[in-house]
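The values are calculated or read from the model by the stated rules, or taken from the named source; none is laboratory data. The model shown is predicted, which means the values in this text are computed figures rather than measured ones. Neighbour counts are summed over all protein chains in view; Cβ atoms, including those assigned to glycine, are modelled from backbone coordinates with ideal geometry. Ligands, DNA and RNA are excluded from the accessible area calculation, which covers all protein heavy atoms including side chains. Shrake-Rupley method; radii C 1.70, N 1.55, O 1.52, S 1.80 Å.
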Amino acid sequence: LGVPTAKHRTFSDHAEARRYLDEIGAPIVVKADGLAAGKGVLVCDDLTTARAGLDEIMVRRAFGGAGAQVVIEEFLPGEEVSFMALTDGRTVVPLASSQDHKRVGDGDTGPNTGGMGAYSPAPILTATLQDEIMETIMHPVVEGLAADGIVYRGVLYAGLMIADGRPKVLEFNVRFGDPECQVLMLRLRSDLVDLIEAVLDGYLVGCRPEWDPRPSAGIVLAAAGYPGDPAKGDVIHGLDRRSPSTESAVFQAGTTRRGADVVTSGGRVLTVGALGVDLRAAVANAYAAVAGISFRGMHYRRDIGHRAL
């Protein structure tokens with residue numbers, strides 16, 4: 001379909017993949033070609049790291065059956081942006097922009113995760129760039145599916161890398177992104193159910209979601225050990241002590257109930273989000289809400305929104 005993306009090759013033979021790595025050099029991206037809970041992507045700055053990552057995926061099977069095949073891609077420099085749209089198979093309606101933070105550590109360091117925080121809107125995604133994304137990526141994909149007899153109705157999520165003002169696709173999802181969806185829900189003034197029913201009924205044409213003009217930010221609170229094997233069963237304190245004045249919200253993800261307590265049950269435990277008069281205020285409000293919450297081994301990034309700020 002001519003959708004811009006990274007140059008890549010796919011391998012099911014470890015030795016062939018290793019030879020290709022040595023031939024192509026670094027930086028390079030090695031991906032487990034299967035479901036890996038958002039953690040099967042290794043961005044490798046040097047060949048030693050790339051070889052070790054390939055062994056981890058294909059030999060030691062760190063991601064199980066997802067590592068039976070790998071995709072080796074060129075490294076795309078730039079800024080990552082999440083672009084979500086709704087489609088009823090014909091009409092494509094873009095949602096507000098957001099930017100995710102994939103690496104576990106401050107300054108975009110450490111291993112990739114499913115996302116450690118997000119904010120909306122993303123200043124890098126201008127109206128002109130949105131038009132280009134719709135024209136070169138979103139519409140061609142929906143039209144291509146229709147041409148193959150697939151009337152796709154739902155969320156079409158493109159994870160994009162923006163370099164020199166031009167977009168390239170890192171990934172597609174057919175669902176809302178997490179934690180990007182949470183920061184969008186803080187800003188969405190329209191009724192989400194109405195939008196979803198328009199998608200299902202095939203009457204999305206003319207629908208335009210209404211957004212709160214204020215920015216939003218969300219901080220993921222992760223369990224000890226994440227993005228590896230997370231600790232579970234730790235009591236979460238402070239869920240009932242948030243100030244409503246910051247217009248904050250706590251979205252529960254890796255949680256469950258144990259008697260009267262809410263306890264951790266996954267890697268990314270909570271997303272704590274807030275609105276603000278500007279992005280700096282939204283981030284400050286979100287961190288203020290985080291300050292009242294605690295559980296054993298809790299960790300989170302302290303630089304959410306740093307690219308925009």
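At-a-glance table
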read-out	value
Qualifying trypsin sites (Lys or Arg not before Pro) in the range 57-92, DSSP loop, other Cβ atoms within 10 Å at most 12	Arg60
Burial order of peptide ranges 203-210, 17-24 (average beta-carbon count within 10 Å, highest first)	17-24, 203-210
Which of Gly38, Pro77, Gly259, positive extreme of dipole for the chain (C-beta unit charges)	Gly259
Kirkwood hydrodynamic radius of the chain, Cα pairs, Å	20.6
Val70, Val193, reordered so the largest accessible area comes first (probe 1.4 Å)	Val193, Val70
Amide H contacts under 5 Å for Asp100, placed H, 5+ residues apart	Ser82
Rg/Rh ratio calculated on Cα atoms of the range 151-203 (Kirkwood radius)	1.04
Glu180, Glu16, ranked by accessible area, largest first (probe 1.4 Å)	Glu16, Glu180
Relative contact order [Cα under 8 Å, 6+ residues apart], the chain, whole percent	17
Most to least accessible of Asp131, Asp106, Asp164 (protein chains only, probe 1.4 Å)	Asp164, Asp131, Asp106
For Phe11, solvent-accessible area (1.4 Å; no DNA, RNA or ligand), Å²	10
Dipole magnitude (debye, nearest 20) for the chain, charges at Cβ of Lys, Arg, Asp, Glu	900
Global form of the range 52-183, assessed from the alpha-carbon gyration tensor, a/c cut-off 1.5	oblate
Using a Förster distance of 25 Å, the FRET efficiency for Ala37-Ala288 (Cβ separation, nearest 0.05)	0.25
For the range 1-72 and the range 160-233, distance of Cα centres in Å	27
